[in-house]
Amino acid sequence: MTINESIESVRKSFRTDLDSFPSDPKEIDSLRSVYFGRKGLIAGLYISLADLPNNEKPEAGQSINNFKKKLQTDFDAKASTVIDVASTTHNQSFDLSLPGFPITNGSIHPLQQTLDEIKSIFKSVGFKVAYGPEIEDDYHNFEALNIPKHHPARDMQDTFFVKDNIVLRTHTSNVQIHLMEEREPPLRYIVPGRVYRNESVSYKSYCLFHQIEGLFVDKNVSMADLKGILEYFVKQFFGESTVMRFRPSFFPFTEPSAEVDIWDKKRGKWMEILGCGMIDPNVFENVGYDSSIWHGYAFGMGIERMTMLKYGIDDIRLFYQNDIRFLEQF
Ligand code: DAH
């Protein structure tokens, strides 16, 4: 066989191997040594040079060199389509044409979104934001708010006691007292925060939840001001066409007291959204404000409740389970 015939036969077998090129890196390596190894087919071609007359050696050597280069380029090109850096280290094939992993963005918790929205509505009409303690004494959580000893809210069932006279606050109304004790009127604050109730956990109640308290103290404040601000708020939060009503109610710290309901089209009934009223003169007395000069209103609402009504969520526990299928809807 002449050198050229030998080259031709190696070329032929190389073509066949390219057509059934392996994908496993180990097999690729052994195929590589079949051609380019120390005892491989190319090496064999060089060995057969020895049989040629000296004057033919340079030209034949050149042909083998060129052939080897071409084979190497083709082999590497083929190999790079089936393996990549990752697979050479992890011994796995890697399909560059597959789509990448999606980058998932986190989202703001629905309760935080509601809170942010409520805050910005009240801030737009001049309210400032204040905070107060979650661990509270009996006086600020109950007594100063005109909640007498026998009131159901003080029942062991409803209140988590830290120790005698110290409770986890059952509402954000405690901060009304702190604000009025610490500052001179006029006051215009909203107070967001966590509150705790010792209730059995169900779809409609949880052992902790969030409220926003509103407090406005000034001269000549009337129930009409309270109605005006809450109407403005409800339409901003639930939409301009929301139907709402004020319904007489009772809270120890307001007189008169009311609750606000909105008409829930989906459920076909009135849903209570908040409690409110004119600050009781007894409360003013407890903080040393002269109730013949100062008047005020207060209101309190549950953030979970507002969120559930706005988005049609029917189980309060969803807010606390961190189930990604729930959270990613917001
Ligand atoms: N603190 C009440 C509760 O937890 C809500 C509330 C009602 C707050 C009337 C107020 C108010 O400020 O005026 O249910």
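The values are calculated or read from the model by the stated rules, or taken from the named source; none is laboratory data. Please read all numbers here as calculations on a predicted model, not as lab measurements. With ideal geometry, Cβ positions are generated from the backbone for all residues, glycine too; neighbour counts draw on all protein chains shown.
Can you say whether L274 is at pLDDT 95 or above and within 12 Å of the ligand (Cβ to nearest atom), as far as the supplied structure shows?
Working: at pLDDT 95 or above: yes; within 12 Å of the ligand (Cβ to nearest atom): yes.
Yes, satisfied.
Could you say whether any residue in region 319-326 is assigned by TED's automatic domain parsing to the domain that holds T170 and within 16 Å of the ligand (Cβ to nearest atom)? No, the conditions are met nowhere in region 319-326.
Yes/no per residue for (1) under 29 Å from the mean Cα position of the chain (by Cα); (2) farther than 15 Å from M306 by Cβ:
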{"residue": "Y203", "(1), (2)": "yes, yes"}
{"residue": "L215", "(1), (2)": "no, yes"}
{"residue": "D225", "(1), (2)": "no, yes"}
{"residue": "I229", "(1), (2)": "no, yes"}
{"residue": "Q236", "(1), (2)": "yes, no"}
{"residue": "T254", "(1), (2)": "no, yes"}
{"residue": "D264", "(1), (2)": "yes, no"}
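Which of the residues belonging to region 247-271 are more than 12 Å from the ligand (Cβ to nearest atom) and either in contact with a Leu (Cβ under 6 Å, 6 or more places away or on another chain) or in a strand (DSSP E or B) (or both)?
From region 247-271, those more than 12 Å from the ligand (Cβ to nearest atom) are 247-248, 261-271; that's our starting set.
The answer is R247, P248, D261, I262, W263, D264, K269, W270, M271.
Look at (1) over 21 Å from R317 (Cβ atoms); (2) part of a loop (DSSP other than H, G, I, E, B); (3) of a type in the set (S, T, N, Q) and you find that Q176 fails only one, number (2).
Quick check on this structure: which one of M306, M301 is within 30 Å of the chain's Cα centre (by Cα), part of a strand (DSSP E or B) and either at pLDDT 95 or above or not assigned by TED's automatic domain parsing to the domain that holds V221 (or both)? Talk me through it step by step, then tell me what you get.
Values: M306 fails: part of a strand (DSSP E or B).
Matching residue, one of M306, M301: M301.
Looking only at residues in region 178-226 that are of a type in the set (D, E) and in contact (Cβ under 8 Å) with a residue 12 or more places away in the chain, the one that is nearest to F161 (Cα to Cα) is E199.
Okay, residues lined up against (1) of a type in the set (V, I, T); (2) closer than 27 Å to V201 by Cβ; (3) crowded, with 20+ Cβ neighbours inside 10 Å:
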| position | (1), (2), (3) |
| --- | --- |
| G277 | no, no, yes |
| H295 | no, no, yes |
| I313 | yes, yes, no |
| Y320 | no, yes, no |
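Against the list (1) outside any strand (DSSP E or B); (2) without any contact (Cβ under 8 Å) to a residue 40 or more places away in the chain; (3) surrounded by 14 or more Cβ atoms within 10 Å (Cβ to Cβ); (4) among the charged types (D, E, K, R), the condition D290 fails is (3).
Rundown of residues vs (1) of a type outside the set (K, R); (2) within 13 Å of the ligand (Cβ to nearest atom); (3) not in a strand (DSSP E or B), yes/no style:
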| residue | (1), (2), (3) |
| --- | --- |
| Y131 | yes, no, yes |
| Y139 | yes, no, yes |
| K149 | no, no, yes |
| T159 | yes, yes, yes |
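Considering only region 42-50, I want to know if a residue exists there that is part of a loop (DSSP other than H, G, I, E, B) and closer than 20 Å to N66 by Cβ. So that I can check it myself, show each step before the final result.
Of the residues in region 42-50, the ones part of a loop (DSSP other than H, G, I, E, B) are none.
Scanning region 42-50, I find no residue that is part of a loop (DSSP other than H, G, I, E, B) and closer than 20 Å to N66 by Cβ, so the answer is no.
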